[in-house]
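*Asks:* I'd like to ask you about the structure that follows.
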Amino acid sequence: MTVDITAPAPAETRPRFAGRGLAGLWRAVAAVTGGATPSQRADGGPSDGRRADGRQADGRRAARAGRVGPWWAGPARVAVAVTGGVVMDLGFPGLDWWPLTLAGVALVLAAVDGVRFRAGAGLGLLAGLAFYLVHVSWSGLYLGPVPWFALSASQAASFAVGCGLIAVASRLIGAVLPGRRAAFVLYPLLVAGLWVTREEVASRWPYHGFSWGRVGFSHSEGPLAPLLSWVGTSGLSFVLVAIAAAAFQIVRATVRSWRARTAEGQDPDVTPTAEPDVPGAPGSVPGAPGPGVLGTPDPDVTDAREPNILTVRDRAVATAESPDSPDRAVADAQDMLTARVDMLTAPDAETLTARDPHISTARAMSASTARPTGAPDSRAAGPVRRLPRVAGARALPLPALAGWSFAVFALALVPVAHIPATGEITVAAVQGNGPAGYFTKKTRGDLLAAQELATAPLLGQDVDVVVWPEDGADLDPLRYPEGRIRIQQLTEAMDAPLVFGTITKRDDRYYNTSLAWEPGASAPSDHYDKKRPVPFGEYVPDRAFYAAIVPDLIGMVARDYVPGTREGVLEVSGMRLGSAICFDITADDVIADLPVRGAQVILAQSNNGDFGTTDESVQQLAIARIRAIETGRDVVNVSTVGTSAIIAADGSTIDRLPTFQAGAMVRTVTLRDGLTPATRLRGILPLTLAAASLLTLAALAALRMRRASR
């Protein structure tokens, strides 16, 4: 351990937070974020009318100018944040290298670590823009850059708030709970909880949210994907972000250890102490947290039985003799922190040796005489004498590395939750490759003709149900007799029910509908209306407001589809088929409701004609794969142009069609009736994680306020 014997700073240099209640809370928050209280902004002094002396003000300015912080700062943070956002996207389909998402998350965390909320939010905004501009670039393929940038910016805004909170969390942990245990355990868990909270808010608000880009969606084929059946997408996101955060801290601690080992002029047999791991060192503002989680005392360095001794950097002490030296102001600010130390006088040699048997009597006597008892200023005693650490900055974070490696290995061994099978059916899923794009030249009935042509080779095959995609029939059989006749003829020829998408109109309202049509019937036996129409794609919320801003774009969305209210389970020839139309697949509550309502298989119908050969369709397929594992149901994902695939409940691919080619998949799928733990926990786990993380953050802030007000 290291013991630094310094004199206590005068009591008047201690940070004061006059008053209690809201005023005291405001001052504590200002201390954490580095901001000023309202009265300080108004008159430049403390709110209670007492002016801070000139030396304290100079110390604050010098502290801001001379803070060491991380070994990289300033523009490098911007570069790391932007790089992290881009690298995050590389872990999603189509490249689909899932470890890169974890690397990107770690880079974003590194960029915002230890900064104030505003800086963290700014860096988060840049990282969010870098991620979403790449991740949803398909949104501007046909409509141009305005909707692409608007969607990216709206998601980056929530990303910014989340990163701001994570930055505050890193500062609070560094100030309140110093040490490696907090860095390697509390930090990853708290950061993961805040990250998931941001994802949950973005997935629900505004306009029912946009959940594309959740970290869990990048892991559909990763080794931890079976966890989806136990904890769902939110739980998997939590685990992945926690792993990335722990990896960041382990790498950072390793770099610090390497730097300490290679520091110039250090005795290889004595652990160096030139880089104090204390909040805000050197020259921090009184009560301000440090630059990051690992900018704090190490529990291996500071004995738990000892008071928290705050050290003063050699260079600050060495130049403290000159009253005009900027480093003297730094030392002044450091003395304010030293004033909080419980050890008001230096212990004698006997006390030191009794506390730590590793300290020799001679060294203890040297330390105990380093400063005269009662010296008014730590600088008056000359340079601080340090004792060698028992275990310090040079120690590699091997226990943390071993612990997290074991945890990841154990999680990778978790199997998919088993749901017993209750039967099997043969499904024919048809991809017609018709002119499905919004701007594609076509006439009414072309999509129906393409689907009929692709289905024709299946005539005579024994199937239990035929599934067409969203917009598979562009002649609504409820309004157009021609459409009804052609659907009747097809079902009779196949001798199997048909589930297909079409646009229906009822009571002057338009719905994106999936109809179930039995052989020989003149009307559908059941139907489901899409519950999550796409904002600004299938309807325009607050149309008058947005039409005043971009009238041409808003005018392109000629009709507004109404969200459906019926449950998404279709009763078809004794089978209970869950229906999710396109964007529905991204909504946790919509999908979780299907097995709860009795769905034995999930039909995911979509129209991806507007996105060309971009990554949109494979990103959507990855989400469908995640829903299969999450719900314990086989998923039939069928698209107008692709990507179409049949996915088993364990996430494996049963069959798949190439994009932009007509074809059909005829496969046997399994019926199941039970519920996975993830389905049973629907909505509970995300709320619990959000509440726990926010309460923990509030508790750290309250503890920080309490300590700062002493």
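*Asks:* Output the number of residues of the range 399-414 satisfying the condition of being farther than 14 Å from Val185 by Cα and either at pLDDT below 95 or touching a strand residue (DSSP E or B) at 6+ places or on another chain (Cβ under 8 Å) (or both).
*Replies:* 0
*Asks:* Do you know which residues across the range 435-454 are touching a helix residue (DSSP H, G or I) at 6+ places or on another chain (Cβ under 7 Å) and within 18 Å of Gly642 (Cβ to Cβ)? Please lay out each step first, then the result.
*Replies:* Going through the range 435-454, the residues touching a helix residue (DSSP H, G or I) at 6+ places or on another chain (Cβ under 7 Å) turn out to be 435-438, 440, 448, 452.
Answer for the range 435-454, where residues must be touching a helix residue (DSSP H, G or I) at 6+ places or on another chain (Cβ under 7 Å) and within 18 Å of Gly642 (Cβ to Cβ): Pro435, Ala436, Gly437, Tyr438, Thr440.
*Asks:* Enumerate the pairs (first residue in the range 426-451 and over 17 Å from Ile503 (Cβ atoms); second residue anywhere and among the small types (Gly, Ala, Ser) and modelled with pLDDT under 90) with beta-carbon separation below 8 Å, excluding pairs fewer than 6 apart on the same chain, so at least 6 apart or on different chains.
*Replies:* What qualifies is Gln431/Gly642; Asn433/Gly642.
*Asks:* Identify, from the list Glu492, Glu470, the residue that is in contact (Cβ under 8 Å) with a residue 40 or more places away in the chain and acidic (Asp, Glu). Before you say what the answer is, go through the steps one by one.
*Replies:* Numbers: Glu492 fails: in contact (Cβ under 8 Å) with a residue 40 or more places away in the chain.
Result: Glu470 is the single residue among Glu492, Glu470 that is in contact (Cβ under 8 Å) with a residue 40 or more places away in the chain and acidic (Asp, Glu).
*Asks:* Could you list, in sequence order, the residues of the range 81-109 that are surrounded by fewer than 21 Cβ atoms within 10 Å (Cβ to Cβ), hydrophobic (A, V, I, L, M, F, W, C) and touching a residue at least 24 places away in the same chain (Cβ under 8 Å)?
*Replies:* Taking the range 81-109 and keeping what is surrounded by fewer than 21 Cβ atoms within 10 Å (Cβ to Cβ), we get 82-83, 86, 90, 94-97, 99-100, 103.
From the residues that got through so far, the ones that are hydrophobic (A, V, I, L, M, F, W, C) too are 82, 86, 90, 95, 97, 100, 103.
Within the range 81-109, Val82, Val86, Ala103 meet the criteria.
*Asks:* Checking Pro477 against (1) within 30 Å of Val557 (Cα to Cα); (2) without any contact (Cβ under 8 Å) to a residue 40 or more places away in the chain, which single condition isn't satisfied?
*Replies:* Looking at each condition in turn, Pro477 falls short on (2).
*Asks:* Still on this structure: Looking only at the range 517-549, filter to residues that are at negative phi and of a type in the set (Asp, Glu); which one of those is surrounded by the most Cβ atoms within 10 Å (Cβ to Cβ)? Even if it seems obvious, please write down each step before you answer.
*Replies:* Of the residues in the range 517-549, the ones at negative phi are 517-519, 521-535, 537-541, 543-549.
From what is left, the residues that are of a type in the set (Asp, Glu) are 518, 526, 529, 538.
Values: Glu518: 16, Asp526: 18, Asp529: 22, Glu538: 19.
Among those residues, the one meeting the criterion is Asp529.
*Asks:* Another question, then. Just one of Asp552, Asp462 is surrounded by fewer than 17 Cβ atoms within 10 Å (Cβ to Cβ) and assigned to a loop (DSSP other than H, G, I, E, B); which is it? Spell out the reasoning first.
*Replies:* Numbers: Asp552 fails: assigned to a loop (DSSP other than H, G, I, E, B).
Unique residue meeting the criteria: Asp462.
*Asks:* Filter the range 546-572 for residues that are out of contact with any strand residue (DSSP E or B) (no Cβ under 7 Å at 6 or more places or on another chain) and closer than 23 Å to Pro497 by Cα and give the result.
*Replies:* Selection gives Glu567 alone.
*Asks:* Would you check if there is a residue in the range 496-505 being at positive phi, more than 39 Å from the chain's Cα centre (by Cα) and not acidic (Asp, Glu)?
*Replies:* Going through the range 496-505, the residues at positive phi turn out to be none.
The answer is no; no qualifying residue exists.
*Asks:* For the list (1) under 20 Å from Trp468 (Cβ atoms); (2) crowded, with 18+ Cβ neighbours inside 10 Å; (3) modelled with pLDDT of 95 or more; (4) not small (Gly, Ala, Ser), I need the number of the one condition that Pro595 fails.
*Replies:* Answer for Pro595: the failing condition is (1).
*Asks:* In the range 92-112, what residues are small (Gly, Ala, Ser) and at pLDDT 95 or above? So that I can check it myself, show each step before the final result.
*Replies:* Of the range 92-112, the ones small (Gly, Ala, Ser) are 94, 103-104, 106, 110-111.
If the condition is that a residue be small (Gly, Ala, Ser) and at pLDDT 95 or above, then Ala103, Gly104, Ala106, Ala110, Ala111 are the ones that fit.
*Asks:* Looking at the range 122-131 only, could you name the residues that are surrounded by fewer than 23 Cβ atoms within 10 Å (Cβ to Cβ) and within 15 Å of Trp195 (Cα to Cα)?
*Replies:* Within the range 122-131, just Leu125 meets the criteria.
*Asks:* Considering only the range 467-482, I want to know if a residue exists there that is over 22 Å from Ala580 (Cα atoms) and of a type in the set (Phe, Trp, Tyr).
*Replies:* So the first thing to find is which residues in the range 467-482 are over 22 Å from Ala580 (Cα atoms), and the list is 479-482.
Add one more test, that the residue is of a type in the set (Phe, Trp, Tyr), and what stays is 480.
Checking the range 467-482: at least one residue is over 22 Å from Ala580 (Cα atoms) and of a type in the set (Phe, Trp, Tyr).
*Asks:* When you look at Thr688, is it free of Cβ contacts under 8 Å to residues at least 60 places away in the same chain, over 21 Å from Ala473 (Cβ atoms) and not aromatic (Phe, Trp, Tyr), yes or no? Before you say what the answer is, go through the steps one by one.
*Replies:* Values: free of Cβ contacts under 8 Å to residues at least 60 places away in the same chain: yes; over 21 Å from Ala473 (Cβ atoms): yes; not aromatic (Phe, Trp, Tyr): yes.
Answer is yes for this residue.
*Asks:* Can you find a residue in the range 64-85 that is in a loop (DSSP other than H, G, I, E, B) and modelled with pLDDT of 90 or more?
*Replies:* Restricting attention to the range 64-85, the residues satisfying the condition of being in a loop (DSSP other than H, G, I, E, B) are 67-74.
With modelled with pLDDT of 90 or more added as a condition, the list becomes none.
Checked against the condition, which is being in a loop (DSSP other than H, G, I, E, B) and modelled with pLDDT of 90 or more, the range 64-85 yields no hits at all.
*Asks:* Moving on. When you go through Tyr510, Tyr480 one by one, which is the residue that is of a type outside the set (A, V, I, L, M), within 43 Å of the chain's Cα centre (by Cα) and either more than 23 Å from Ile591 (Cβ to Cβ) or surrounded by fewer than 22 Cβ atoms within 10 Å (Cβ to Cβ) (or both)?
*Replies:* Working: Tyr480 fails: within 43 Å of the chain's Cα centre (by Cα).
The unique qualifying residue is Tyr510.
*Asks:* Here is a further query. Could you tell me whether any residue of the range 417-435 is more than 21 Å from Val635 (Cα to Cα) and over 34 Å from the mean Cα position of the chain (by Cα)?
*Replies:* Applying the first criterion (more than 21 Å from Val635 (Cα to Cα)) to the range 417-435 yields 434-435.
The next check asks that each one be over 34 Å from the mean Cα position of the chain (by Cα); those that pass are 434-435.
Yes, because at least one residue in the range 417-435 is more than 21 Å from Val635 (Cα to Cα) and over 34 Å from the mean Cα position of the chain (by Cα).
*Asks:* Something else: Can you name every residue in the range 697-706 that is surrounded by 14 or more Cβ atoms within 10 Å (Cβ to Cβ) and not hydrophobic (A, V, I, L, M, F, W, C)?
*Replies:* Correct list: Arg704 only.
*Asks:* Output the number of residues of the range 418-432 satisfying the condition of being part of a loop (DSSP other than H, G, I, E, B) and surrounded by 22 or more Cβ atoms within 10 Å (Cβ to Cβ). Walk me through how you get there before you give the answer.
*Replies:* Step one: list which residues in the range 418-432 are part of a loop (DSSP other than H, G, I, E, B), which gives 418-420, 432.
Narrowing further to those that are surrounded by 22 or more Cβ atoms within 10 Å (Cβ to Cβ): 432.
Total meeting the criteria: 1.
Conditions (1) within 30 Å of Val467 (Cα to Cα); (2) in contact with a strand residue (DSSP E or B) (Cβ under 9 Å, 6 or more places away or on another chain); (3) surrounded by fewer than 21 Cβ atoms within 10 Å (Cβ to Cβ), marked per residue:
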residue	(1), (2), (3)
Ala649	yes, yes, no
Ala664	yes, yes, no
Thr670	yes, yes, yes
Leu675	yes, no, yes
Leu695	no, no, yes
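*Asks:* Follow-up. State whether the residues of the range 132-141 include one that is buried (at least 24 other Cβ atoms within 10 Å of the Cβ) and either under 23 Å from Pro75 (Cβ atoms) or of a type in the set (A, V, I, L, M, F, W, C) (or both).
*Replies:* Taking every residue of the range 132-141 in turn, at least one turns out to be buried (at least 24 other Cβ atoms within 10 Å of the Cβ) and either under 23 Å from Pro75 (Cβ atoms) or of a type in the set (A, V, I, L, M, F, W, C) (or both).
The values are calculated or read from the model by the stated rules, or taken from the named source; none is laboratory data. The model shown is predicted, which means the values in this text are computed figures rather than measured ones. Please note: Cβ atoms are built from the backbone with ideal geometry, for glycine as well, and neighbour counts cover all protein chains shown.
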